[in-house]
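Asker: Right, I'll just put the structure down here and ask away after.
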Amino acid sequence: MHSRSGKLTAFRRTPRGHFAMAAAYSIARDVPLQAWNTFHLAASARYFATVHDAAALPALLAEPTLQGLPSMVLGAGSNLLFATERYEGVIIHLACAAARILEQDEGHALLRVDAGFEWDALVDWTLAHGLQGLENLALIPGQTGAAPIQNIGAYGVEVAESIDGVHGYDLAGAGFARLGAAQCGFGYRDSVFKREPGRWIVTALELRLARGGATRLGYAGLREELASMGDLQPTPRNVAAAVRRIRRRKLPDPAVVGNAGSFFKNPVVARELALHLQSRFDGLAVFPVGRESERKLSAAWLIERAGWRGFRDGDAGVSAQHALVLVNHGRASGLQLLTLARRVAASVRESFGVELEPEPRIVGASFEP
Ligand SMILES: Cc1cc2nc3c(=O)[nH]c(=O)nc-3n(C[C@H](O)[C@H](O)[C@H](O)COP(=O)(O)OP(=O)(O)OC[C@H]3O[C@@H](n4cnc5c(N)ncnc54)[C@H](O)[C@@H]3O)c2cc1C
């Protein structure tokens, strides 16, 4: 592995408060990615660029060695599957991780947070500043810059509800831009950034959070957890604590067994199909989606009912803890996991007539065989 620093330099503050010259980015060659994806897949990248100052992105992208190569952003690798053992392009990792309050009054605060800030650490940062809105999204792995890509969501809350704007660099030619929330095209695990992969490098988020107000307890499992903790009027901190307890119990820990969380989105289907399936299958979970003509089904329920929970083929498996999570028991390849995911989707299609769509980005292959 060779590495060198970018030509551009920037003044960065050292831990002791002095200013020091530091490279705004560095580029390494032939970099193993096993520690850079939560499936722990043994892939590698031709180039890996670490960016300490987002303003240097144009200079990085103009580097002669990188010309003509594909590029992709990699945060913590908790929502992607390397279906290839070699990425013949440049991986861009944003290491800028500052957070500051831009403006505030008694009721609200507007924050600007760099893409490289770890998401769960940001949840704690906001709580420490007396701000609420992100507590239901505690313990979701990954970087802040990745949060708008699929509009992360959990326990009845989506990050889009707190996003005021997204700062990014447009590789399609517009350069640096700020997209207001309405321009981000947020939907269920979806956004313009996800629909046009490779176009935007998200550099920072602007989040509008509340000081005080009601906590969001619409999710029954969360209310039950809080009740079991004896907390009937929880603070945002206690909501985050309850969410973390549930998640630790329900989801396999990627540090123990490789996974990328939910592998499939909950399918949104025509209301008629949902009602038909509900009449045929006892216990099928069906949720409203805000449009009368459609309903959301539980992908976990469909996969479990099709008999996949705990299934294992070599080291590629479906978690016994949660049917929606594909796991790497050790040395599975990305292609083996992709093959298993396709088999699961085909069997759900055959049993229920419902299409499953993968949630993580698949690098180096398409989901359709
Ligand atoms: C155990 C576990 C539980 C999870 N639970 C949830 C959950 O409850 N809800 C949920 O929504 N998700 C969940 N996830 C998925 C994942 O944590 C989120 O999608 C997270 O936002 C991904 O962050 P990341 O930094 O790891 O992104 P990566 O996996 O590195 O990247 C994911 C995608 O985003 C793109 N991307 C990342 N950063 C940027 C950027 N700065 N600019 C442009 N594109 C970028 C990448 O190119 C890629 O396409 C879970 C994952 C795991 C492993």
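Asker: Between Arg211 and Asp105, what length in nm is gained on full extension when 0.36 nm per residue of separation is reduced by their alpha carbon distance? Mind dumping the intermediate values first?
Answerer: On the way: separation 106, 0.36 × 106 = 38.16 nm, distance 0.88 nm.
Between Arg211 and Asp105, full extension yields an extra 37.3 nm.
Asker: Something else: Amide H to amide H, which residues 5 or more places from Ser298 or on other chains are under 5 Å from it, using H placed in the peptide plane?
Answerer: Result for Ser298 returns Ala285.
Asker: How big, in percent, is the set of alpha carbon pairs in region 146-256 lying more than 25 Å apart?
Answerer: Values: 2273 of 6105 pairs.
Value for region 146-256 (Cα pairs over 25 Å): 37 percent.
Asker: What does the charge count near Glu85 come to, summing +1 for each Lys or Arg and -1 for each Asp or Glu among other residues with Cβ under 14 Å from its Cβ? Kindly include the intermediate steps, with their values, before the conclusion.
Answerer: Details: positive: Arg46, Arg86, Arg331; negative: Asp30, Glu88.
Here the count lands on +1.
Asker: Now, a different point. Which FRET efficiency value, to the nearest 0.05, do you get for Leu232 and Arg199 by plugging their Cβ-Cβ distance into 1/(1 + (r/R0)^6) with R0 = 41 Å?
Answerer: Numbers: r = 46 Å, r/R0 = 1.13.
Result of the calculation: an efficiency of 0.35.
Asker: Here's a follow-up. Cα centroid distance between region 150-170 and region 325-357, in Å?
Answerer: Cα centres, region 150-170 to region 325-357: 27 Å.
Asker: Return the ratio Rg/(2.2 N^0.38 Å) for region 103-169, where Rg is computed over Cα atoms only.
Answerer: Its radius of gyration relative to the 2.2 N^0.38 Å reference: 1.05.
Asker: Computed over the Cα atoms of the chain, what is the convex hull's projected area averaged over all directions, in nm²? Don't skip to the end; give the middle numbers.
Answerer: Working: hull surface 80.6 nm².
For the Cα atoms of the chain, the hull's average projected area reads 20.2 nm².
Asker: Springs between alpha-carbon pairs under 10 angstrom, Gaussian network model over the chain: which of Ala174, Ala54, Ala138 fluctuates most?
Answerer: Comparing Ala174, Ala54, Ala138 in the GNM, the peak value goes to Ala174.
Asker: Still on this structure, I have one more. Want the number for Ala95 to Tyr219: 0.36 nm per residue separation, take away the alpha-carbon distance, what's left? Each step should come with its number before you reach the end.
Answerer: Values: separation 124, 0.36 × 124 = 44.64 nm, distance 3.40 nm.
In short, 41.2 nm is gained.
Asker: Per residue, how many Å² of accessible area does region 169-312 show with a 1.4 Å probe? Don't skip to the answer; put the middle values down first.
Answerer: Working: 7510 Å² over 144 residues.
Heavy-atom SASA per residue in region 169-312 reads 52 Å².
Asker: Can I ask one more? Which three extents, in angstrom, do the Cα atoms of region 189-344 have along their principal axes, listed largest first?
Answerer: Principal-axis extents of region 189-344 (Cα, largest first): 49, 41, 40 Å.
Asker: Of all alpha-carbon pairs in region 223-286, indicate the percentage at a distance above 13 angstrom. Walk me through the intermediate numbers first.
Answerer: Working: 1485 of 2016 pairs.
The calculated P(r) of region 223-286 puts 74 percent of pairs beyond 13 Å.
Asker: Eight or more residues apart or on different chains, and alpha-carbon atoms under 29 Å: count the Lys pairs in the chain matching that. Each step should come with its number before you reach the end.
Answerer: Values: Lys194/Lys250; Lys194/Lys265; Lys194/Lys296; Lys250/Lys265; Lys250/Lys296; Lys265/Lys296.
Taking the chain as the scope, the lysine pair count is 6.
Asker: Right, here's the next one. Over all pairs of distinct alpha carbons, what does the Kirkwood formula give as the hydrodynamic radius of region 47-164, in Å? All intermediate terms of the calculation are to be shown ahead of the outcome.
Answerer: Values: mean 1/r = 0.0630 Å⁻¹.
15.9 Å is the Kirkwood radius here.
Asker: How do 316-326, 120-130 rank on mean C-beta neighbours within 10 Å, highest first? All intermediate terms of the calculation are to be shown ahead of the outcome.
Answerer: Details: 316-326: 22.5, 120-130: 17.1.
Ranking the peptides 316-326, 120-130 by packing returns 316-326, 120-130.
Asker: Give me the percent relative contact order of the chain, please, defined on Cα pairs under 8 angstrom at least 6 residues apart. All intermediate terms of the calculation are to be shown ahead of the outcome.
Answerer: Values: 767 pairs, mean separation 53.0, N = 369.
Computed over the chain, the figure is 14 percent.
Asker: Please compute one quarter of the surface area of the Cα convex hull for region 270-327 and express it in square nanometres.
Answerer: Working: hull surface 17.8 nm².
Averaging across all directions leaves 4.5 nm² for the Cα convex hull.
Asker: While we're looking at this one, here's another question. Among DSSP beta bridges whose residues both lie in the chain, state the antiparallel percentage, nearest 5. Write down the numbers at each step before the final one.
Answerer: Details: 61 of 74 bridges.
Around 80 percent antiparallel, to the nearest 5.
Asker: Over region 275-368, with a single point scatterer placed on each C-alpha, what log10 of the ratio I(q)/I(0) does the Debye formula yield at q = 0.16 1/Å?
Answerer: -0.70
Asker: Answer with one residue from Tyr87, Leu171, Ala54: the one whose Cα lies farthest towards the positive end of the charge dipole of region 36-177, charges on Cβ with Lys, Arg +1 and Asp, Glu -1.
Answerer: Tyr87
The values are calculated or read from the model by the stated rules, or taken from the named source; none is laboratory data. Just so it is clear, the model here is predicted, and its values are computed rather than measured. Glycine also receives a Cβ, built like all others from the backbone with ideal geometry; neighbour counts cover every protein chain displayed. All accessible areas refer to the heavy atoms of the entire protein, side chains included, with ligands and DNA or RNA removed. Shrake-Rupley method; radii C 1.70, N 1.55, O 1.52, S 1.80 Å.
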